[in-house]
């Protein structure tokens, strides 16, 4: 978990009525260097979100007084577009769709692992910064989103369309942990859990194309969490 | 008495009563109309007869004077069944006729009058009769009264009335009796249904409503309710099975989890050992969550809840997508994965679930068709000269879409194929492989949600799993929300 911490500290608001779960989250976020504040019901959460400057909101779907979707919907209608991640015990696809339609930016079914939550939160916070360059670069690896060209040390690498999208997603979030579920959702658009780790095989194929023969490995496996592309040094 | 009271309170009996009342009222009205008309007709006849007699007698008087008139009256008056005659002087003294006594004052009235009278040969104490009479003033102050007895008319009237009363009475009695029997018959069948329903409510789910075989509305109702009961029984059975399976297959890994944690507490000596034990614990609980999610998904698909997320999509695209997702894994295991889905296969359904079902079938094929140790030596020559391969296919077949995953591995013996689809069943030869054993049951549940089926066939050699899904989902009756809630496995 320690190698997952990011350089920039984030300010998070957790709206969750389960005290135990909330305390655990606050503590876990503090350990990786983020500041998390707590609201234990929908109304309180809405008031805090309206007042404070947060990087990401973590909103439980079922809350006392005001449910999570309403909180997010109200914020959006007031023009506040702080990224929001919905936590829910309802893990079904249509619940997810409902959550995103209400203005949520991501959806994570309970029970979740902290590393998954952290990875998603960091991606959400970074999304705000707007990283939409046409060419992604990590060390000597270069991906041109317009011409669909990939080069490592100026040698062109031929990738399958899906491999290109996989690398594109990893490089877009360079320096951040990307989980298998995130890859399955964003690169393949599947929201179910394949019983075997199909993603690992795709990653190892991609790795053999971009890292094989180079002393500096760029595509790293983060144990217990996922993958990360970064300039090793 | 309560049985009788129940009978009187039935809809059938009430309807019988209403119909009977309406019918009786109508019959009474008809009867009254008939009686009144008959009476009028008879009166008209009497009037015509009396008129004819008066004009005849008045002619006689004009031709032959009073003597001739008296003679004619005497003659006519003595015939049996004759009309009534009375000739008087101006002073009112009787000259001749067959009337003995009259209500006084009648002779002074002109025109038609109804009056009581006695015949001349009746005794004074005899009952008076009713007659319809007319008085004619003759020249010379004579007055001639002619009339006819009304007894016949009254008798006819009485006969009609009493016949009518009797027939109405009979109709009412027969109607009530008939209604009683019909009601009792219906009530008996409804009672039988109620009895069965009560037995079912008290826990015997195998009960079915009796069908009389007459194909009437009660039979149709019973038939439909029986279909519903069958569905409920299947759902309850499924629920019980789920509970049993959860108890069995979730308890095993839970016990393992607990034992390992306990063992670590007891025997671990340094931090790294604790860490390893904790990591295993997390792994194990991830597996548990995965199994649990799969179970929930199956329950949801089977209870029809996932019907909300239906949309139009191309099954060929799904086949290509899943094929592409699994191709590297298959390749890793020494299998060739080929997708045959060049033609669009548009269908309506839950895209996510169909994808997952197909993914499970491919996953299964890869697990079971992979040659042993393939991962260690990817370049080993194919077994028995057969190149191990998996073919994923999407094709239309009439009004169905067939998503097929075919392998040429060991396959499943024919006897085991049905069992293979059931939850948690892992056939003997596959016990050693990882997986929850839920892949095929989920695919089966998804197929059923779409009104299709999962078929396991012999690929000679190997296994061919076919998801046969209708292009458009027929609108199956959605279960009510509460029932749906209950059909789901109690969630955390």
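The values are calculated or read from the model by the stated rules, or taken from the named source; none is laboratory data. Note that the structure is predicted; figures quoted are calculated from it, not measured. FYI the Cβ positions are ideal-geometry reconstructions off the backbone, even for glycines, and counts take in every protein chain you see.
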Quiz item: Residue check, residue A:163 against (1) more than 12 Å from chain B (Cβ to nearest Cβ); (2) assigned to a helix (DSSP H, G or I), all met but one. Which one?
Solution: (1)
Quiz prompt | Residue list for region A:27-43, filter: surrounded by fewer than 20 Cβ atoms within 10 Å (Cβ to Cβ) and either in contact (Cβ under 8 Å) with a residue 12 or more places away in the chain or in a loop (DSSP other than H, G, I, E, B) (or both) | solution = A:28, A:31, A:32, A:33, A:35, A:37, A:38, A:40, A:41, A:43
Quiz item: Looking at A:75, A:46, which is the one that is out of contact with any strand residue (DSSP E or B) (no Cβ under 7 Å at 6 or more places or on another chain), closer than 30 Å to residue A:189 by Cα, without any contact (Cβ under 8 Å) to a residue 40 or more places away in the chain and surrounded by 19 or more Cβ atoms within 10 Å (Cβ to Cβ)?
Solution: A:75
Practice problem: Evaluate the following for residue B:185: is it under 12 Å from residue B:12 (Cβ atoms), assigned to a helix (DSSP H, G or I) and in contact with a helix residue (DSSP H, G or I) (Cβ under 6 Å, 6 or more places away or on another chain)? | Solution: no
Quiz prompt | Hey, residue A:176 surrounded by 20 or more Cβ atoms within 10 Å (Cβ to Cβ), part of a loop (DSSP other than H, G, I, E, B) and away from every other protein chain (no Cβ under 14 Å) or not | solution = yes
Practice problem: Residue by residue through region B:205-221, note down the ones that are exposed (fewer than 12 other Cβ atoms within 10 Å of the Cβ) and closer than 26 Å to residue B:298 by Cα. | Solution: B:206
Quiz prompt | All positions within region B:128-147 that are within 15 Å of residue B:57 (Cα to Cα) and either touching a strand residue (DSSP E or B) at 6+ places or on another chain (Cβ under 9 Å) or part of a strand (DSSP E or B) (or both) | solution = B:133, B:134, B:135, B:136, B:137, B:138, B:142, B:143, B:144, B:145, B:146, B:147
Quiz item: If you take the residues in region B:268-309 that are within 22 Å of residue B:403 (Cβ to Cβ) and more than 9 Å from chain A (Cβ to nearest Cβ), which one is nearest to the chain's Cα centre (by Cα)?
Solution: B:304
Quiz prompt | Qualifying residues in region B:330-342 (those that are outside any loop (DSSP other than H, G, I, E, B) and away from chain A (no Cβ under 14 Å)) - the one surrounded by the most Cβ atoms within 10 Å (Cβ to Cβ) | solution = B:340
Quiz item: Among A:146, A:100, which is the only one that is surrounded by fewer than 21 Cβ atoms within 10 Å (Cβ to Cβ), out of contact with any helix residue (DSSP H, G or I) (no Cβ under 9 Å at 6 or more places or on another chain), within 14 Å of chain B (Cβ to nearest Cβ) and without any contact (Cβ under 8 Å) to a residue 60 or more places away in the chain?
Solution: A:100
Self-check item: Residue match in region B:280-292 (condition: over 18 Å from residue B:255 (Cβ atoms) and either modelled with pLDDT of 85 or more or buried (at least 17 other Cβ atoms within 10 Å of the Cβ) (or both))
Solution: no
Quiz prompt | Residue match in region A:149-160 (condition: closer than 18 Å to residue A:230 by Cβ, out of contact with any strand residue (DSSP E or B) (no Cβ under 8 Å at 6 or more places or on another chain), in contact (Cβ under 8 Å) with a residue 24 or more places away in the chain and in a loop (DSSP other than H, G, I, E, B)) | solution = yes
Practice problem: Tell me which residues, restricted to region B:310-329, are more than 9 Å from chain A (Cβ to nearest Cβ) and under 18 Å from residue B:439 (Cα atoms). | Solution: B:318, B:319, B:323
Quiz prompt | So residue A:124, is it within 11 Å of the chain's Cα centre (by Cα), at pLDDT below 90, surrounded by 20 or more Cβ atoms within 10 Å (Cβ to Cβ) and assigned by TED's automatic domain parsing to the domain that holds residue A:44 | solution = yes
Practice problem: Considering every residue within region B:343-351, establish whether at least one is within 42 Å of the chain's Cα centre (by Cα), under 18 Å from residue A:96 (Cβ atoms), within 12 Å of another protein chain (Cβ to nearest Cβ) and not in a helix (DSSP H, G or I). | Solution: yes
Quiz prompt | Unique residue being within 30 Å of residue A:181 (Cβ to Cβ), surrounded by fewer than 15 Cβ atoms within 10 Å (Cβ to Cβ) and not assigned by TED's automatic domain parsing to the domain that holds residue B:440 when the list is B:224, B:259 | solution = B:259
Practice problem: Could you list, in sequence order, all residues of region A:179-216 that are free of Cβ contacts under 8 Å to residues at least 40 places away in the same chain, more than 9 Å from chain B (Cβ to nearest Cβ) and either more than 20 Å from the chain's Cα centre (by Cα) or not in a helix (DSSP H, G or I) (or both)? | Solution: A:187, A:207, A:208, A:211, A:212, A:213, A:215
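To keep it simple, each residue is scored yes or no on (1) modelled with pLDDT of 65 or more; (2) assigned to a strand (DSSP E or B); (3) within 14 Å of chain A (Cβ to nearest Cβ); (4) surrounded by fewer than 24 Cβ atoms within 10 Å (Cβ to Cβ).
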site: B:362; (1), (2), (3), (4): yes, no, yes, no
site: B:367; (1), (2), (3), (4): yes, no, yes, yes
site: B:381; (1), (2), (3), (4): no, no, no, yes
site: B:384; (1), (2), (3), (4): no, no, no, yes
site: B:394; (1), (2), (3), (4): yes, yes, no, no
Practice problem: Please find, within region A:54-72, the residue that is nearest to the other protein chains (Cβ to nearest Cβ) out of those that are in contact with a strand residue (DSSP E or B) (Cβ under 7 Å, 6 or more places away or on another chain) and part of a loop (DSSP other than H, G, I, E, B). | Solution: A:61
Quiz item: Quick one: how many residues across region B:198-216 are in a helix (DSSP H, G or I) and at pLDDT below 85?
Solution: 2
